[in-house]
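This report refers to the structure that appears directly beneath it.
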Amino acid sequence: MKEQSIECVVMFADVAGSTAMYENLGDSIARERISKALNTLIAICQRHKGTLVKTIGDEILVYFTDANLSLMASQIIQETIEDDRSPETIGLSIRIGLHHGPVILADNDIFGDTVNVAARVVAMTKARQILFTGSLADQTSSGEIISRTRRYDRIQVKGKEKSLDVFMYAWEEESEITNMATGNLTNPFKADQDGGLILTYHSKTTKLDLDSNTINLGRGNSCELIISGDLISRFHAKISVRRGKFVLTDQSTNGTFIRTLDGQNYFLRQEELTLFGSGVISLGKSVDKSRENLLYYSFD
């Protein structure tokens, strides 16, 4: 293929927490789940006129010639993964980074500074986020996309004199009601409208329902559920209600361990997991090593 220069949007999208998945589930199961997710991402990008360049481990590299479609695809990706009813996608989330600029297209691959900047953006992106640079923001013309754009950060990129503005695409804000209405009846990991999450710690029971606020877990006195112990951070983790599901997010140094009733083990460090079934949560230590500070959960 003859080398040519084009203007496009470069997208990196990867599976957040894939290392923990391999450690907790084993190579074969983790690879199967990640492959299934990436195939979904690729199909969505192609429907929005994106061109797959390559798959790199747990991420894909895609380019778009339409700025609006690149962000629409990003939103559909997040919504699809969020509402996927497959048990295999529990705990799986996607992060997306995008940048607009010139690239060299050759041998079905793309090269250049634009690709490097997009890689830098996705590296700073957290699970379930869509981040993009100001150069892409300048290219968008959709009123809906502009209304969802939020200033996020400013970064210094090696080799560039000026800092780059980074924006977040707030994909959940406008679609929350629609997705809960269409998905609640079919998603087995969404709580029943009349049910809730039961947390038991040292014989004290706390119940969260779908109208509950976020509950913070840790040794800090301002946490709603104070759990003391070695290796537990002041604000170690939180449980929040999101799209009718209860999501545990680790925000600690030493991580959070979860074991379900059927024996599945998960380890989170700056990651999140949708709680399902029943099981036990341990802050900072594995479940086996932390017998005094275990938090049990189940659904009503």
Review point. Which pairs have Cβ atoms under 7 Å, sit 6 or more apart or on different chains, and link a residue in the stretch 39-68 that is closer than 15 Å to S93 by Cα to one that is aromatic (F, W, Y)?
Key: E59/F12
Review point. Which numbered condition trips up N24, out of (1) surrounded by 15 or more Cβ atoms within 10 Å (Cβ to Cβ); (2) closer than 29 Å to L105 by Cα; (3) not small (G, A, S)?
Key: (2)
Exercise for review: Have a look at G101, G112 and point out the one that is in contact with a Pro (Cβ under 7 Å, 6 or more places away or on another chain) and either surrounded by fewer than 22 Cβ atoms within 10 Å (Cβ to Cβ) or basic (K, R) (or both).
Suggested key: G112
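Residues are listed down the side, and each one gets a yes or a no for (1) assigned to a strand (DSSP E or B); (2) out of contact with any strand residue (DSSP E or B) (no Cβ under 8 Å at 6 or more places or on another chain):
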| residue | (1), (2) |
| --- | --- |
| K2 | no, no |
| V9 | yes, no |
| D14 | yes, no |
| T19 | no, yes |
| I42 | no, no |
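Return the residues of the stretch 229-260 that are among the hydroxyl-bearing types (S, T, Y) and closer than 14 Å to N293 by Cα; say none if nothing qualifies. Quick ask: steps written out before the conclusion?
Residues of the stretch 229-260 among the hydroxyl-bearing types (S, T, Y): 233, 240, 249, 252-253, 256, 260.
Answer for the stretch 229-260, where residues must be among the hydroxyl-bearing types (S, T, Y) and closer than 14 Å to N293 by Cα: S233, T256.
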Review point. Which residues, counting only those in the stretch 275-300, are in contact with an Asp or Glu (Cβ under 9 Å, 6 or more places away or on another chain) and under 23 Å from E79 (Cα atoms)?
Key: G277
**Study point:** Residue selected from the stretch 66-93 under the condition modelled with pLDDT of 90 or more and in contact with a Lys or Arg (Cβ under 7 Å, 6 or more places away or on another chain), by the criterion farthest from I110 (Cα to Cα)
**Key:** Q78
Review point. Considering only the stretch 3-42, how many residues are touching a Pro at 6+ places or on another chain (Cβ under 9 Å) and not charged (D, E, K, R)?
Key: 3
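The values are calculated or read from the model by the stated rules, or taken from the named source; none is laboratory data. None of the values given here were measured: they were computed from a predicted structure. Heads up, the Cβs are rebuilt from the backbone with ideal geometry, glycines too, and the neighbour counts pull from every protein chain shown.
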